[in-house]
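The values are calculated or read from the model by the stated rules, or taken from the named source; none is laboratory data. Just so it is clear, the model here is predicted, and its values are computed rather than measured. Cβ placement follows ideal geometry from the backbone for every residue including glycine, while neighbour counts extend to all protein chains displayed. The area values use the complete protein model at the heavy-atom level, side chains included, leaving out ligands, DNA and RNA. Shrake-Rupley method; radii C 1.70, N 1.55, O 1.52, S 1.80 Å.
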Amino acid sequence: MQGEFYTWLGCGLAVLLSAAIPAMAGDLQQSYLISDPGYPGPAATGQLVSANMSTMNFEARIAALEAALAEKDEEIKWTDVSGQKWSGKVGGRIMGDTVLYPNVDPALEAVDPGNMSENYFEFRRLRIFLSGKGYGVYDYKFQLDWEKGNAAAKDLYVGIHDIPALGYVRFGHFKGPSGLEQLTSAKYITFMERSLTDVFTMARKVGVAAYKNSANDTFHVHYGAFFDDVDAEDMCRVDDAQGVRLGARGVWTPVYTANGRGVVHLGASVQYADDADDSVRFRNRPEVHQNNRWLDTGAYDASGFSVYSLELAGIYGPLSVQSELYYTNINGINGGADADVYGAYIYGSWFLTGEARNYENDAKAFGRVKPHTNFWIVPTCDGPAAGWGAWELATRWSYVDYTDPAFAGVDSAGQMNDLTVGLNWHWNPYTRVMFEYIHPWVNRNDIGVAQADILGMRMQVDF
């Protein structure tokens with residue numbers, strides 16, 4: 001009985017479904033917009049229409065899709081730029097520094113009477129440049145700096161974009177792949193001078209380099225090969241022992257949010273110098289420009305050196321931190337053992353007026369600060385009105401160590417620290433005034449610990 005029951009039940013369901021399916025197919029409707037490639041028939045623009053699923057014209061859908069793809073192909077057709085010419089932009093920068101020495105340890109004066117620890121004013125940078133683009137993928141820059149009546153070459157290069165596998169490739173005289181602080185333009189660094197560790201960076205060299213970013217700019221690589229030393233004023237070197245400098249830098253930005261108001265930057269770089277002239281030397285000023293070096297390893301015969309560095313930076317709204325650590329191995333001092341030197345810095349910045357440091361995610365360096373309100377004072381019917389610009393408070397500690405046994409007999413070797421407190425007043429994106437207190441102290445082999453107090457002020461504008 002039970003088997004007969006299920007047999008009759010199955011037959012009944014089959015009859016019901018055979019009657020219901022045609023009715024459902026006739027009633028099942030789907031709505032389309034005229035802009036939908038799947039719409040099978042004509043209608044007025046934007047009008048909702050219905051199509052019977054049982055009679056849908058699939059050939060019309062396919063034709064509509066092919067038409068839409070053809071339109072996209074028209075949008076991405078290559079443009080012939082073979083007849084294009086170079087564009088040109090002229091710009092420059094002016095930086096005027098006043099530096100005062102209210103206190104210098106007499107011990108430093110005694111060992112170096114000409115250490116130039118005297119008050120001074122100078123135009124720290126007077127630069128002019130011409131840059132531009134052309135022919136779809138090329139760019140160039142020509143920049144000179146005038147210092148003490150002489151013109152020195154800075155950026156002199158031509159580059160080409162979008163090379164398969166390599167990305168952007170640059171040829172000429174420009175900064176090599178080392179150092180977050182070094183690769184941030186002097187127009188945008190937080191302090192008047194870069195930290196003590198700048199002595200370990202590659203700075204500008206003559207050579208070739210490639211730059212490549214991931215699709216979303218999360219990862220960045222930069223590497224190149226350069227001549228080790230070409231005079232920036234003569235822009236030539238006639239020598240059979242020119243040497244070579246190789247370098248590479250990689251950066252990962254795991255966090256980039258709120259249009260750059262939230263950033264985490266992690267980087268590392270390595271460079272190798274084959275010093276063909278066998279002369280290696282590291283020395284430091286106390287983070288002001290017109291001063292003799294208070295710490296100096298002296299010049300040594302060595303086959304070359306290797307530099308390894310780590311970078312860390314973070315932005316959290318108006319607060320930011322930045323730090324780098326350097327380790328340098330000098331190969332075979334005077335034909336003997338290797339020597340190691342070290343350096344590090346860390347600093348913090350706080351915008352009292354709420355701005356944030358500008359992190360350029362594609363270049364993995366810092367850029368131009370844009371105040372919420374520019375500085376201005378004008379008369380009005382209700383009295384003077386003003387905008388106060390952006391105010392930034394910052395402090396930095398930096399350190400270098402030349403205490404390797406290889407330098408035990410060098411009077412000017414040892415350790416050096418710098419503590420800097422600064423206040424930056426950004427009048428507008430292109431003008432700022434900087435105030436600094438700098439406290440350097442050295443621990444030299446000849447005099448032990450010696451200290452100084454330095455005050456600095458800079459007025460700068462770029463255009």
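Along the Cα→Cβ direction, 7 angstrom out, place labels at I163 and W146. What is the inter-label distance in nm?
3.6
What is the pair-distance distribution P(r) of region 308-463, computed from all Cα-Cα distances in 5 Å bins starting at 0, with each bin given as a whole percent?
P(r) for region 308-463, in whole percents per bin: 2, 8, 12, 14, 15, 13, 10, 9, 7, 4, 2, 1, 1, 1, 0, 0.
Going down the table (K148/K370; K133/K175; K148/K364; K85/K148; K175/K370), which pairs top 29 Å between alpha carbons?
Numbers: K148/K370 32 Å; K133/K175 19 Å; K148/K364 33 Å; K85/K148 36 Å; K175/K370 25 Å.
Checking Cα-Cα distances, K148/K370; K148/K364; K85/K148 exceed 29 Å.
Only Cα pairs under 8 Å and at least 6 apart count here; give the relative contact order of region 173-324 as a rounded whole percent. All intermediate terms of the calculation are to be shown ahead of the outcome.
Values: 326 pairs, mean separation 31.3, N = 152.
Reported as a whole number, the value is 21 percent.
Once you have a ≥ b ≥ c as the square roots of the Cα gyration tensor eigenvalues for region 75-231, tell me rounded if a/c is under 1.5, and otherwise prolate or oblate according to whether a/b is larger than b/c. Intermediate values should be presented prior to the final figure.
Working: a/c = 2.73, a/b = 2.05, b/c = 1.34.
It is prolate, given that a/c is not under 1.5 and a/b is the larger ratio.
Probe of 1.4 angstrom, ligands and nucleic acids ignored: what's the accessible area per residue over region 358-409, in square angstrom? Don't jump to the answer; show the numbers that get you there.
On the way: 2730 Å² over 52 residues.
For region 358-409, the solvent-accessible area averages 52 Å² per residue.
If you roll a 1.4 angstrom probe over the protein chains with everything in place, what fraction of the accessible area of region 313-463 belongs to carbon and sulfur, to the nearest %? Provide the component values of the computation, followed by the final result.
Working: 4110 of 6490 Å².
Carbon with sulfur: 63 percent of the solvent-accessible area.
5 Å is the cut-off here: which amide hydrogens, built 1.01 Å from N in the peptide plane, fall below it relative to D275, excluding neighbours closer than 5 in sequence?
Hits under the 5 Å cutoff: G304, F305.
Once the Cα gyration tensor of region 139-202 is diagonalised, what are the square roots of 5 times its eigenvalues, in whole Å and ordered largest first, as equivalent ellipsoid semi-axes?
Numbers: eigenvalues 117, 64, 19 Å².
In descending order, the three semi-axes are 24, 18, 10 Å.
Under a point spin-label approximation (7 Å from Cα along Cα-to-Cβ), what is the S214-V449 distance to one decimal in nm?
Taking the simple label geometry, S214 and V449 are separated by 4.6 nm.
Suppose all protein chains stay in the model; what accessible area per residue would a 1.4 Å probe give for region 166-280, in Å²?
Working: 4650 Å² over 115 residues.
Each residue of region 166-280 exposes 40 Å² on average to a 1.4 Å probe.
Which value does Rg/Rh take for region 390-463 over its C-alpha atoms, Rh per Kirkwood?
Values: Rg = 16.9 Å, Rh = 14.4 Å.
Checking Rg against Rh, the ratio lands at 1.18.
Taking only the C-alpha atoms, wrap a convex hull around region 156-314 and report its volume per residue in Å³ as a whole number.
Numbers: hull volume 22.4 nm³, N = 159.
So the per-residue Cα hull volume is 141 Å³.
With an 8 Å cut-off on Cα pairs and a minimum separation of 6 or more residues, tell me the relative contact order of region 132-177 in percent. Walk me through the numbers before you get to the answer.
Numbers: 70 pairs, mean separation 13.5, N = 46.
Relative CO of region 132-177 lands at 29 percent.
Within region 361-457, report the trypsin sites (Lys or Arg not before Pro) that DSSP leaves as loop and that have at most 16 other Cβ atoms within 10 Å.
On the way: sites: K364, R368, R396, R432, R444; in loops: K364, R368.
Passing sites in region 361-457 are R368.
Using alpha-carbon pairs under 8 Å, 6+ residues apart, how would you state the relative contact order of region 384-444 in percent? Can you show the working numbers first?
Details: 103 pairs, mean separation 21.9, N = 61.
Reported relative contact order: 36 percent.
Starting from the Kirkwood radius over alpha-carbon pairs of region 209-279, derive D by Stokes-Einstein at 20 °C in a medium of 1.002 mPa s and give it in µm² s⁻¹.
Details: Rh = 14.6 Å.
Result for D is 146 µm²/s.
Mind listing the long-range amide H neighbours of A365? Cut-off is under 5 Å, sequence gap 5 or more, other chains count too, H placed in the peptide plane at 1.01 Å from N.
Under 5 Å from the amide H of A365: E360.
Expected output is a single nm value to one decimal: the length gained when fully extending between W86 and K187, i.e. 0.36 nm times separation in residues minus the C-alpha distance. What is it? Write down the numbers at each step before the final one.
Values: separation 101, 0.36 × 101 = 36.36 nm, distance 2.57 nm.
Result: 33.8 nm gained on full extension.
Whole-Hz ³J(HN,Hα) for each residue in region 418-427, computed from phi via Karplus 6.51 cos²θ - 1.76 cosθ + 1.60 with θ = phi - 60°, x for glycine and proline: what do you get?
Karplus values, whole Hz, x for Gly and Pro: 9, 10, 10, 10, x, 10, 10, 10, 8, 6.
Show the residues, 5+ positions off or on another chain, whose built amide H is closer than 5 Å to the amide H of G332.
Long-range HN contacts for G332: D338, A339.
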